[in-house]
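Scroll down for the structure; my scribbles are underneath it.
The values are calculated or read from the model by the stated rules, or taken from the named source; none is laboratory data. Owing to the predicted nature of the structure, the values given are computational and were not obtained by experimental measurement. Here the Cβ positions follow ideal geometry from the backbone for every residue, glycine too, while neighbour counts run over all protein chains shown.
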Amino acid sequence: MADSNPTAGQTAPDDSTEMAQPQSRRKGIIVVVIVVLAMVAAGLWWRSTFYEDTDDAQINGHLIQISSRIAGQVIKVDVDENQFVKAGDPIAELDPRDFQVAVDNAKAALASAEANAAAAQVAVPIATVNTGSNLSSANADVTGAQAAISQALQQLDAAKARVAQAQANDFKAQSDLTRYKPLVAKDVISKQQYDAAVAAADAAKAALADAQASQQAASDAVRVARERERQATAQLRYAQTGPQQVEAQSARARQALAQVAQAKAQLEQAQLNLSYTHITAPVSGIITRKSVEINQNVSVGQNLMTLVSLEDLWVTANFKETQLKHMTAGQSVEIHVDATGKDYKGRVTQIGGATGSVLSLFPPENATGNYVKVVQRVPVRIDFTDLKDEDSNHLLRPGLSVEPTVRVK
């Protein structure tokens with residue numbers, strides 16, 4: 001029967017060593033776990049201290065309402081729904097015939113206005129020369145009329161003197177005739193002497209009548225000379241208004257130039273209206289909500305479609321009011337986009353002036369007095385800084401959800 005005890009030279013297994021190895025492993029695992037937890041806690045503390053993030057954020061952009069600036073009939077539509085267009089690409093075209101006629105009329109009106117302006121400009125120096133000549137002529141006419149009056153007055157005085165002389169001669173002749181009548185009856189004087197006295201009386205009477213007629217003619221000449229003087233004086237006063245006439249002609253010339261400018265403006269407006277018949281994309285983007293069709297009559301300002309711009313995009317992030325303590329404009333942001341799975345760079349541009357609840361269509365009221373404090377959110381604008389490089393294919397769209405993380409410290 002074999003001995004159950006170990007033979008000589010064999011050693012029994014050390015149970016204490018086998019028990020120590022599992023205990024050391026457990027200690028190592030605990031240490032690793034503690035270190036990992038510490039690192040996680042440190043990371044969480046670091047992130048909560050130096051970063052602020054939110055998942056209540058989306059991409060925003062410009063939604064441009066494409067409308068017609070003139071009323072007309074659509075003859076061509078160049079785009080389809082959800083089509084990408086570049087800035088300047090044709091979108092639609094209106095019938096240009098009416099507007100081309102307006103351009104032709106405006107050109108004709110401009111040509112007429114320019115002709116009138118040229119004539120008015122030429123008339124200014126002509127008016128200047130004419131008024132100067134008229135003034136000189138009027139002065140000469142006034143001087144001549146005054147000289148004629150003086151001469152007529154002298155002739156009138158001479159005629160009056162002749163009338164006085166004729167009256168004296170007539171008085172003497174009539175007196176002699178009166179004296180000769182009784183003498184010829186008594187044959188004191190001869191019949192011949194009496195006939196001579198009768199002839200002399202008749203001649204004196206005729207000479208008086210002639211002198212009186214000459215006096216009347218001289219008086220009429222004075223009246224005519226004075227009338228001519230009044231006419232010459234009136235013409236002189238009119239000629240003296242020459243500077244005002246020149247200024248009036250200059251004003252008409254300026255008015256003609258203003259009418260030229262007005263005609264040019266009307267032509268430019270007509271040309272603009274003609275250019276508005278070609279509706280083009282103001283920026284690059286995607287066409288949506290297209291409602292325009294061929295042969296449709298559109299009015300001014302009527303919405304034809306919506307152009308979603310893909311060039312100027314930004315993020316509107318609604319941060320809690322408790323996250324804004326250290327947030328300021330200019331801080332760097334990392335933006336994660338769910339749709340592309342990529343991260344983009346950005347910076348804080350603006351912090352909203354009011355909370356979202358205040359800016360809502362129906363702001364909350366507390367008429368009952370029962371108040372429950374709710375953490376409010378404030379919209380913060382974040383602009384992309386690497387959009388041209390990271391989104392050259394225009395994968396981002398307004399309305400996509402994003403998760404921005406702001407470095408606040």
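Can you give me the number of residues within segment 197-229 that are within 13 Å of LEU156 (Cβ to Cβ), β-branched (Val, Ile, Thr) and surrounded by fewer than 18 Cβ atoms within 10 Å (Cβ to Cβ)?
Number of matching residues: 1.
Return the pair list, or none, for Cβ contacts closer than 7 Å from residues in segment 34-48 that are in the same structural domain as LYS409 (by TED's automatic domain parsing) and surrounded by 10 or more Cβ atoms within 10 Å (Cβ to Cβ) to residues that are modelled with pLDDT of 65 or more and in a helix (DSSP H, G or I), at least 6 apart or on different chains.
Within 7 Å, no pair qualifies.
Anything in segment 306-356 that is surrounded by 13 or more Cβ atoms within 10 Å (Cβ to Cβ), of a type in the set (Ser, Thr, Tyr) and assigned to a loop (DSSP other than H, G, I, E, B)? List them, or say none.
Once the filter is applied, which keeps residues that are surrounded by 13 or more Cβ atoms within 10 Å (Cβ to Cβ), of a type in the set (Ser, Thr, Tyr) and assigned to a loop (DSSP other than H, G, I, E, B), segment 306-356 yields THR340, THR355.
Scanning segment 236-290 for residues that are among the charged types (D, E, K, R) and assigned to a helix (DSSP H, G or I), which turns out nearest to ARG397 (Cα to Cα)?
Residue satisfying both the conditions and the ranking: GLU268.
Say we look at segment 246-256 and pick out the residues that are of a type in the set (A, V, I, L, M) and crowded, with 17+ Cβ neighbours inside 10 Å; which of these is modelled with the highest pLDDT?
Top of the filtered list is ALA256.
So how many residues does segment 87-111 have that are surrounded by 15 or more Cβ atoms within 10 Å (Cβ to Cβ), of a type in the set (D, E, K, R) and not in a helix (DSSP H, G or I)?
2
Would you point out the residue of segment 378-396, among those that are at pLDDT 90 or above and either over 39 Å from the mean Cα position of the chain (by Cα) or charged (D, E, K, R) (or both), that is surrounded by the most Cβ atoms within 10 Å (Cβ to Cβ)?
My answer is VAL378.
Answer yes if at least one residue in segment 96-108 is under 60 Å from the mean Cα position of the chain (by Cα) and aromatic (Phe, Trp, Tyr), and no otherwise.
Yes: segment 96-108 contains one or more residues that are under 60 Å from the mean Cα position of the chain (by Cα) and aromatic (Phe, Trp, Tyr).
Across segment 119-136, what is the total count of residues that are polar (S, T, N, Q) and farther than 22 Å from ARG237 by Cβ?
Within segment 119-136, residues that are polar (S, T, N, Q) and farther than 22 Å from ARG237 by Cβ number 1.
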